[in-house]
1. From (1) at pLDDT 90 or above; (2) closer than 19 Å to Phe55 by Cβ; (3) open to solvent by 60 Å² or more (accessible area, probe 1.4 Å), pick out the condition that doesn't hold for Trp387.
2. So which of Ser327, Ser320 is within 13 Å of the ligand (Cβ to nearest atom), within 25 Å of Gly262 (Cα to Cα) and buried (at least 19 other Cβ atoms within 10 Å of the Cβ)?
3. Within 12 Å of Phe370 (Cβ to Cβ) and of a type in the set (Val, Ile, Thr): does that describe Thr255?
4. Out of all the residues in region 131-169, which are open to solvent by 50 Å² or more (accessible area, probe 1.4 Å) and closer than 17 Å to Val22 by Cα?
5. Just one of (1) open to solvent by 10 Å² or more (accessible area, probe 1.4 Å); (2) over 30 Å from Ser206 (Cα atoms); (3) not hydroxyl-bearing (Ser, Thr, Tyr) trips up Gly91, so point out which.
6. Being in contact with a Gly (Cβ under 7 Å, 6 or more places away or on another chain), among the hydroxyl-bearing types (Ser, Thr, Tyr), in a helix (DSSP H, G or I) and over 21 Å from Met230 (Cβ atoms), is that true of even one residue in region 351-371?
7. Hey, can you tell me all the residues within region 390-417 that are exposed (fewer than 15 other Cβ atoms within 10 Å of the Cβ) and not in a helix (DSSP H, G or I)?
Amino acid sequence: MAERETWTSRIGFIFAAVGSAVGLGNIWSFPFQTAANGGAAFLVVYLLAVFLIGFPTMMVEFVIGRRGESNPVAAFEKLGYGNWSFTGGLGVFSSLVTLSFYSVVGGWVLSYIAGSVTGGYFGDAGAYFGSVASGPVAIGAHLVFMAITIGIVASGVTDGIERATKVMIPAILVLLVGLAAWATTLEGATAGYEYYLSPDFGVIASNFGSIVPPAMGQAFFTLSLGFSVMIAYSSYLGRDDSLPADGGAIVVVNTLVALLAGFVVFPILFATGGAEGAGGGAGTAFIALAGAFGNLPAGGVIGFVFFAVLLFAALSSSISLLEVPVSYVTENYGVGRRTTALAMGAAIAVIGLPATFGTTWLDFYNDVVFNLLLPISVFLLAIFVGWVADREAIDELGRGSSIGSSFTTAWLWWVRIVVPTVVLMTLWLGLETLYEGLTTGGYF
Ligand code: TRP
């Protein structure tokens with residue numbers, strides 16, 4: 001087995017994990033899920049999902065990863081439960097499926113950067129989306145996005161990933177703050193903030209069943225949970241790092257980026273017509289925003305900056321989606337990193353091709369990941385750590401940190417009971433969505 005590369009520092013790890021977490025999920029999916037599900041009401045449920053379910057689940061992956069000290073599949077063997085390895089494998093598989101359509105959306109982002117320069121979407125935002133979201137342009141852009149991702153991963157953990165994320169994450173934060181400051185000057189900004197920030201608890205109560213599954217799915221997705229990524233990344237962590245402190249930093253920064261994206265998107269939407277029509281699926285986000293940019297003074301410049309931020313976020317995630325499967329293969333089968341990155345990247349590009357045929361295919365890929373793979377994977381992880389792993393493994397949570405064993409015990413019970421219950425509920429409701437889409441011909 002080749003010598004394992006490690007993070008050059010704890011900060012390197014945090015940047016890479018934040019880079020994986022901060023992605024299209026924060027800046028594209030979060031604001032538009034919020035718009036589709038009643039604004040502030042969704043925000044409240046989402047924040048609860050992130051902190052009450054997401055954070056404890058991240059600790060589950062960290063415990064397995066640091067204790068297992070290897071790739072997500074072998075980690076279970078090292079812990080002494082080899083027959084649970086399939087759980088790690090499921091996560092790796094989910095990464096592959098996710099990257100295949102993530103990259104298609106990444107390709108759209110590339111086209112929108114181009115459109116900001118050429119003014120392509122200024123006239124008819126809907127038509128522009130139609131021309132870049134499917135067909136030859138979509139295929140070309142998807143391949144370019146995959147090529148960039150492969151290039152970074154092929155250069156390795158410290159050279160490629162650490163360096164890339166250390167530049168991209170600060171850039172994302174600074175640019176988003178700038179955009180949010182600019183957005184305060186828009187007419188209609190107040191109505192946007194109102195919609196975004198003042199929850200109507202009546203709406204939450206009466207739509208509970210329809211808000212919880214997307215909020216949970218979004219919480220897992222945005223924190224990159226259920227994909228074995230956090231298992232893989234934390235396996236490189238030193239014994240004296242505090243898992244809860246590192247995880248807390250990651251969750252907070254990730255949430256901050258999503259919240260900031262809302263502070264950019266909602267004023268823009270309300271300056272040019274409101275949030276209606278912005279919540280109808282993958283494409284409406286691009287159409288609504290690009291339409292707004294087309295109607296604003298200096299909209300091309302603002303659009304360019306916004307889509308550049310989105311590209312950075314997408315890339316910092318796509319590289320970790322590819323990194324985990326690649327490092328698994330390089331470690332286990334002794335194939336070189338470059339060869340593996342190229343071969344796997346090419347396979348993923350092909351798997352993603354159907355998602356360039358039209359947004360219904362993309363929605364299908366998306367729903368399979370959100371409603372099926374993610375909840376199953378998180379459920380298994382919670383059951384494993386909650387009920388199967390021995391106490392010695394559980395105590396990994398407190399190693400290198402000042403938390404006491406009562407905190408660990410409280411967390412353990414939370415992971416035993418609450419997390420699996422909530423996830424099963426989500427899974428059930430998500431399966432209904434998938435089933436309906438398949439039987440009523442919603443997808444194809
Ligand atoms: N968290 C990423 C986002 O919000 C998407 C994502 C999900 C991801 N799982 C992942 C990224 C695993 C890297 C690795 O866009």
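The values are calculated or read from the model by the stated rules, or taken from the named source; none is laboratory data. Note that the coordinates shown come from a computational prediction; the quantities given were computed from them, not determined experimentally. Neighbour counts run over all protein chains shown; Cβ positions are idealised from the backbone, glycine included. Keep in mind that these areas ignore ligands, DNA and RNA; they rest on the heavy atoms of the full protein, side chains included. Shrake-Rupley method; radii C 1.70, N 1.55, O 1.52, S 1.80 Å.
1. Here Trp387 clears every test but (2).
2. Checking each option against the conditions leaves just Ser320.
3. No: the conditions fail for Thr255.
4. Arg163, Lys166, Val167
5. The one condition Gly91 does not meet is (1).
6. yes
7. Within region 390-417, Asp390, Ser402, Gly404 qualify.
Residues checked against (1) within 15 Å of the ligand (Cβ to nearest atom); (2) under 14 Å from Leu259 (Cβ atoms):
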{"residue": "Gln33", "(1), (2)": "yes, yes"}
{"residue": "Phe51", "(1), (2)": "no, yes"}
{"residue": "Pro56", "(1), (2)": "no, no"}
{"residue": "Gly68", "(1), (2)": "no, no"}
{"residue": "Val73", "(1), (2)": "no, no"}
{"residue": "Phe76", "(1), (2)": "no, no"}
{"residue": "Tyr81", "(1), (2)": "no, no"}
{"residue": "Gly88", "(1), (2)": "yes, no"}
{"residue": "Leu96", "(1), (2)": "yes, no"}
